[in-house]
Each structure stands twice: as C-alpha cells, then as structure tokens.
Amino acid sequence: MADAPRLFRVRQHFQTEQVDDIEAEVESQLRQLNLAEKIQPGQSVAVTAGSRGIANIAKIVRGCVQHLRQLGAEPFLVPAMGSHGGGTADGQRKIVESYGMTEEFCGCPIRASMETVVVCDAAEGFPVHFDKHAYGADHVMVVGRVKPHTNFRGDIESGLMKMMLIGLGKHEGAKIYHKAIRDYEFGQIVRSVAREVLAKCGIVAGVAIVENAYDKTARIEAVRPEEFESREKELLRLAKQWMPRTPFDRADLLWIDEMGKDVSGSGMDTNVVGRKYNDHVAADHETPKVHLIAVRGLTEATHGNATGLGMAEFCLSRVIRAVDSRMTRINCLTGGHVTAAMSPLDYETDEEIWEAASWLFGLKRPVDADIMWIHNTLDLAEVECSESYWDEARQRDDLEVVVPLRPMPWVDGLLPSQRSLSPVCAK
C-alpha cells in the first residue's frame with residue numbers, strides 16, 4: 001500500500017458573534033414588528049419549518065409560536081422543503097420532527113401536505129404554487145436561514161425569499177421553479193415569484209437566521225415583508241463573512257466523515273469544498289482547489305437522501321448501502337442537478353480508497369500529499385491535516401496545533417470518526 005502521510009490537528013480561530021438566549025431574542029425581535037396591528041385574536045398563522053440542520057431551529061420556531069400565542073393567534077407548523085422527505089407529506093413531517101420541531105415541543109399542530117394552490121402565473125408565464133395549508137391560513141410567518149446558495153450566486157441566494165418559492169411551493173412548485181431557472185437567472189425567478197407570494201399569500205413577517213463559523217446562531221432578525229429583499233441582501237453579506245472555511249486553499253484529497261441534507265442542500269456545502277460551479281473541479285476564481293473528495297458516511301437526519309454524493313470521486317461502500325435511491329433521485333431531478341445523484345467509486349475500507357486515490361496525485365509521492373479530513377462541511381472548527389501543511393500551520397496566527405504529528409490512525413483498514421480524534425471531544 002502507498003505510504004500515507006502523518007497527520008496533525010489544527011483548531012481554527014474564527015471571528016464570530018453568537019446569540020445566547022435564543023427564545024428571548026426571538027421574542028425581542030418579533031415584538032419590534034408590532035404584529036398585533038395585523039394579527040387579530042383567533043386568526044390562524046402558518047409558520048414554516050424547513051429541512052436544513054439549522055442550529056437551535058426548534059427553539060426559534062417555538063419562540064415564534066409563543067409570540068403568536070401571546071397575540072391570541074392560532075399558529076401551526078407547515079413543512080416547507082420542496083421535494084425533500086421523498087416528496088411525501090409523511091416524509092416531510094418526519095423530517096420536521098427529527099429536528100425537534102414536534103407538536104409537543106412547539107405547542108402547536110403540524111399540518112403536512114404536498115397539495116398546493118396555484119395562486120397565479122408569474123410574469124414569465126409559469127404557475128406560482130403555494131402550500132395548501134399555508135394559503136388557507138390568515139397569515140404566514142416565514143422562518144429560514146440566510147446563507148450562500150450551493151449552486152447560484154447573486155445578491156439574494158438562500159433565505160426567506162427562496163423559502164417562499166422552493167419551500168412553500170412544495171414539490172410541484174420546486175419542479176417548475178427549477179425549470180424556470182434554466183431559462184432565466186436565479187435572481188429574476190426568485191424576485192418574480194416572491195413578488196406574487198408577498199402580494200397574494202398573506203405573508204405577515206419573516207424570521208431570518210444567520211449562523212457563525214462554528215455552526216451556532218449568530219443573529220436572529222424579525223423582518224417586515226416589504227423589507228425581505230433589502231434585509232436579506234445585508235444578511236447574506238454577513239453570512240458570507242462568517243461562514244466556515246477549510247484552513248488551507250488546496251488539497252489532493254479531502255476526507256469527509258458525513259454528508260446529508262441537514263448539513264447542506266447539496267449534502268456537502270459547495271462553497272466549502274470549492275465545487276459550486278462544477279461537480280469535480282474548482283472554478284478558476286474558486287477556492288479551495290480540491291482534487292479528490294472521499295465521503296465516509298451519511299448523516300442519520302438525511303434519511304438516506306444522498307443528494308450531492310455525485311460530487312465525490314470516492315466513498316465507502318457503506319455509504320452506497322445507506323442511500324435511499326428513490327428519495328435521492330426525486331430531489332436531484334427536482335433541483336435539476338442529475339449528476340448529484342450519481343455514485344462515486346466505492347470501497348469497503350478507507351485504506352482501499354487511499355490506495356486508489358494515491359494513483360491520482362501525479363508525480364507527487366503519496367506521503368507528501370496535501371490531505372484534509374473534516375467531520376462535515378458545517379463543522380470546520382478543527383481539521384485533521386497532513387504533514388505537508390505543518391510548516392505553514394505553525395506560522396499562522398489563526399491556526400492552533402492541538403494534536404501534533406502522528407501516523408494515520410487506521411483500524412482494520414478504517415479511520416475512526418474525525419471528531420473522536422479531538423482532545424475536546426475525547427473528554
């Protein structure tokens with residue numbers, strides 16, 4: 001077997017903000033909107049519940065429900081996640097509950113359906129779909145995280161605006177909107193549909209969430225409907241500034257312990273792995289430049305949805321066995337990213353992946369390869385790195401070596417969880 005380099009562990013020091021009292025901040029933010037001027041006692045309010053692994057999402061949603069209860073309203077949760085959960089109401093309800101947003105915890109019903117109402121036609125000529133239960137409510141509160149999109153680039157990417165399209169449009173809406181994005185720019189379709197939804201679907205407020213580089217809640221902001229676009233532009237700039245990054249801008253091989261829809265819409269965040277524009281190579285202006293990606297597992301919360309696996313060159317065979325092909329294909333077809341559902345070369349052990357990958361490093365000796373090993377693309381506070389980065393790491397103020405050089409930790413041909421190697425996690 002090709003010689004493997006020694007590894008060391010670095011801790012990244014990111015500049016960041018953090019909200020400590022989640023529900024108090026939700027209450028404080030919503031109070032500023034004076035929603036009692038719009039919401040009358042006894043009126044129903046649909047609150048969106050998405051499919052991303054957003055930090056503190058259950059507490060944030062519960063805080064919204066509690067505020068609405070104080071106004072005398074009758075809130076309920078609506079799964080807002082396009083085609084996720086296999087494109088079924090039961091599948092989407094289970095995803096919501098798996099994130100802790102249960103009826104018991106949030107204190108309100110969950111109304112899950114894949115049925116939509118066609119509100120009107122957008123200016124471009126396609127139908128605007130909206131969740132049946134949300135459309136039947138007196139008001140709708142949109143809750144979502146603002147962050148860079150994994151496929152599209154602009155001053156509006158992922159956030160409240162997109163939630164009104166893909167999330168509340170359900171499977172039917174998501175399909176037609178992704179088709180429209182093939183013919184028009186993403187920003188145009190987002191604005192076109194959002195304009196109709198804001199005018200016709202009872203949107204009463206938004207709660208925007210921005211996370212820091214440690215996957216923690218950095219900001220919660222209640223937003224008036226007429227300010228969705230302007231505030232989202234500002235919050236997206238913050239999200240890009242605070243998002244996590246790999247410690248180095250190059251890698252021959254990036255090992256990833258887990259991927260899944262709770263981590264990123266593309267399973268692994270393309271903004272982190274440098275594959276936003278192409279599946280298997282970074283664009284000229286894009287970093288990091290990652291030559292090969294090897295995926296070691298799927299998250300439990302992704303429920304077999306392996307969207308994005310096709311961006312990896314290698315994976316463990318256990319990943320292939322864990323894939324729900326139907327769910328994955330529905331999601332990738334709906335999103336228009338067919339190659340994201342394709343399968344990498346799979347092997348039973350990490351050592352076999354290493355042996356295969358080492359042939360592709362060019363003239364570089366495998367022992368000198370640039371290797372980074374992360375838990376997932378949200379968890380980048382600590383990264384395992386190969387010896388080739390050693391000198392650079394010790395010269396940088398933003399990196400702290402927390403575990404010195406030692407051999408690759410094979411156990412019967414497999415690597416342990418990257419997190420298990422952390423001196424913090426091991427305590």
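Taken together, the values in this text are just the output of simple stated rules run on the coordinates, not laboratory data. Quick caveat: nothing in here was measured; it's all calculated off a predicted structure. Neighbour counts run over all protein chains shown; Cβ positions are idealised from the backbone, glycine included.
Using +1 on the beta carbon of Lys and Arg, -1 on that of Asp and Glu, and nothing else charged, what's the dipole of the range 363-420 about the Cα centre, debye to 20? That gives the range 363-420 a dipole magnitude of about 200 debye. The share of alpha-carbon pairs in the range 127-176 lying farther apart than 11 Å comes to 69%. Given the range 309-352 reduced to its alpha-carbon atoms as identical point scatterers, what log10 I(q)/I(0) does the Debye formula return at q = 0.18, 0.25, 0.30, 0.31 Å⁻¹? Results for the range 309-352 at q = 0.18, 0.25, 0.30, 0.31 Å⁻¹ read -0.51, -0.84, -1.04, -1.08. Scanning the chain for DSSP H helices at least 27 Å long along the axis (C-alpha atoms) with a Kyte-Doolittle mean no lower than 0.0 picks out nothing.
When the range 10-84 is described by a simple charge dipole with +1 on each Lys and Arg Cβ and -1 on each Asp and Glu Cβ, the residue from Ser51, Gln66, Leu77 located farthest towards its positive end is Ser51.
Considering helices alone, the calculated mean residue ellipticity of the chain at 222 nm is -8000 deg cm²/dmol, with DSSP H runs of length four and up weighted by -39500 (n - 2.57) and normalised per residue. Taking each of Lys147/Lys179; Lys162/Lys200; Lys132/Lys170; Lys38/Lys132; Lys147/Lys233 in turn, the alpha-carbon distance tops 18 angstrom for Lys147/Lys179; Lys38/Lys132.
Charge dipole (Cα centre; +1 on Lys/Arg Cβ, -1 on Asp/Glu Cβ; no other charges) of the chain amounts to roughly 720 debye.
Dimensions of the chain along the principal axes, based on C-alpha atoms and rounded to the nearest Å, stand at 69, 41, 38, largest first.
For the range 176-248, applying the loop criterion from DSSP together with a ceiling of 16 other beta carbons within 10 Å to the GluC sites (Glu not before Pro) yields Glu185.
Taking label positions 7 Å along the Cα-Cβ direction at both Val367 and Val411, the computed distance is 2.6 nm, reported to one decimal. The distance from the alpha carbon centre of the range 161-238 to that of the range 321-384 is 30 Å, rounded to a whole number.
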